[in-house]
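Structure record follows, encoded as structure tokens.
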Amino acid sequence: MKKIRPLSRRALLRGLGGMAIALPTLEIMLNRHGDAYAAGDRIPRRFLVAFNGQSLGGDGDTVHNYYVPDVVGPDYDLKIATMPLGGYDNIKSDVSIVSGLRVPYNTGSGIPAGGWDVQFHTSALGPLLTGVRNKGPDDFPGGNGPTADQLVADAIGSDTFFKSLAYQVQAAWYLSGGSAPYGRDILSYKLDGNMNPIPNPGEVSPKAAFDKLFTGFVPPDPAEAAAKAHELAKRKSIIDLVRGDFETLIPRLGKADQVRMQRHLDEIRDLEMRLGAIPPMPTEQCMMFPDPGPDPAIGGDNESLGGDDFDVNNGWSDETQRAKVFHDLIHMAFVCDLTRSVALLYTMAQSHMNIHPIAAHPYDQHELGHSGLGTAEVSKVIAWHVDLFAQLVSKIRDTPEGDGSLLDNCALVLLHEGGHGYDPAGADNSSHSTENMACMIAGRAGGLKHGIHVVAQDMHPGNVLNTAMRAVGVDQDLGEVVGVIPELLS
């Protein structure tokens, strides 16, 4: 019997017309144990950070949350907010909860490392996402450093087609009167050429995200394949013209406009590369799934934050369906090794998304925390986010890879905007608090433990992100937050 020589994954990458395109994991690439590549490289690891723009409790309620289990360790109990973990074939056994977290704040002696000043929504978000203290109460949501997804992308994403992906489920800000998110819709920050952090906005349109991810894939239907080939040819010719115009125009602009135009030019070059790239080799797991069709309609803005004058028909764009499509895209991006790092914004910080379809209350998500309805009702909306996260984790868990599951090579984190407790602006039992925070982490990459409840008293959520980064092989800390949660690592 002729011995089959293992296929080197790196050698195949070098042969794709000069394009550095990652391939899905094929059996011929693996060692006999199915847990590493035969050529010596390990199966790639993947990282995801997801975000819920809501605190864990309601104003005035002495109950901080219905999220944190009473049981520490394995076999933890489920509360209102975490009940979805009992589904999806007991996905709880693959998801760990970390409680006791806090983002420190200014107590009068200055803003501490990784901390924030007095104004919750304009100050606490940046330190949560980047681990870097903000500059004061007027330092609006933003990154004073790169976020974890970008640190991971820089470390392990260089030989994938998309160094990272950023998706946004909440379709709009949903508040009228000239209001805007001012950074509350940004989960990812990367460094520009001068090492300054800049926003990396998430793609809002599932349809556009689908088209981008599967640019080089050939649809299985011959008529669709011919139509796509014609469309790609047109786009290539347009790009040739537009790129030349941009390169001619940029030197004539002022510095600020040059930066903006250069960003557009970089996006054009990125698209140009994708149009000319060879797609991954199709396998049983890596494939182009059916076009999701048009996006759900964008819901209108609300003039009211909640109560009797709140229009329950506005502020909702079927975010549940949008999340499902983004989950499918993330799953396929991981399976095909198109990316190894994803930022997934379920809802914006201080979210004004209508929660009537979720919890049957006439409020937006943020205002529910101030409504007086209490922590139990807030927890129903958190449960919607947890259910979405559980869907994604189960989809990844149920996908074979090597001798195990795709989840064996992932680290996935779900963050929440705040906790519940003292607000340094002067209130107790407040939703504007970073006391009593908690989050979820799933996956088994790098010996990451799963299915346990860990109390990490007074540690920063950034320590959880550090742990997830270590699990995927990135030995780096998030901003000013140093160290990991030891109980989460074998």
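Below is a table of values for the structure above.
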| quantity | calculated |
| --- | --- |
| Residue under evaluation Thr320, criteria (1) in contact with a Pro (Cβ under 6 Å, 6 or more places away or on another chain); (2) of a type in the set (Val, Ile, Thr); (3) surrounded by fewer than 20 Cβ atoms within 10 Å (Cβ to Cβ), criterion not met | (1) |
| Which listed residue, of Leu329, Leu373, is among the aliphatic types (A, V, I, L, M) and over 21 Å from Gly419 (Cα atoms) | Leu329 |
| Unique match (being modelled with pLDDT of 95 or more, among the hydrophobic types (A, V, I, L, M, F, W, C) and in contact with an Asp or Glu (Cβ under 8 Å, 6 or more places away or on another chain)) among Ala171, Ala155 | Ala171 |
| The listed residue being out of contact with any Phe, Trp or Tyr (no Cβ under 7 Å at 6 or more places or on another chain), in a helix (DSSP H, G or I), among the hydrophobic types (A, V, I, L, M, F, W, C) and crowded, with 20+ Cβ neighbours inside 10 Å, out of Phe334, Phe326 | Phe334 |
| Enumeration of residues in region 69-88 that are part of a loop (DSSP other than H, G, I, E, B) and within 22 Å of the chain's Cα centre (by Cα) | Ala81, Thr82 |
| Residues within region 353-399 that are free of Cβ contacts under 8 Å to residues at least 60 places away in the same chain and among the β-branched types (Val, Ile, Thr), tallied | 2 |
| Residues located in region 83-96, provided they are farther than 22 Å from Leu489 by Cβ and either of a type in the set (A, V, I, L, M, F, W, C) or touching a Lys or Arg at 6+ places or on another chain (Cβ under 8 Å) (or both) | Met83, Gly86 |
| Answer from Ala333, Ala359 - the residue that is farther than 30 Å from Ala155 by Cα and in the same structural domain as Val98 (by TED's automatic domain parsing) | Ala359 |
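The values are calculated or read from the model by the stated rules, or taken from the named source; none is laboratory data. None of these values were measured; they are calculated from a predicted model. Please note: Cβ atoms are built from the backbone with ideal geometry, for glycine as well, and neighbour counts cover all protein chains shown.
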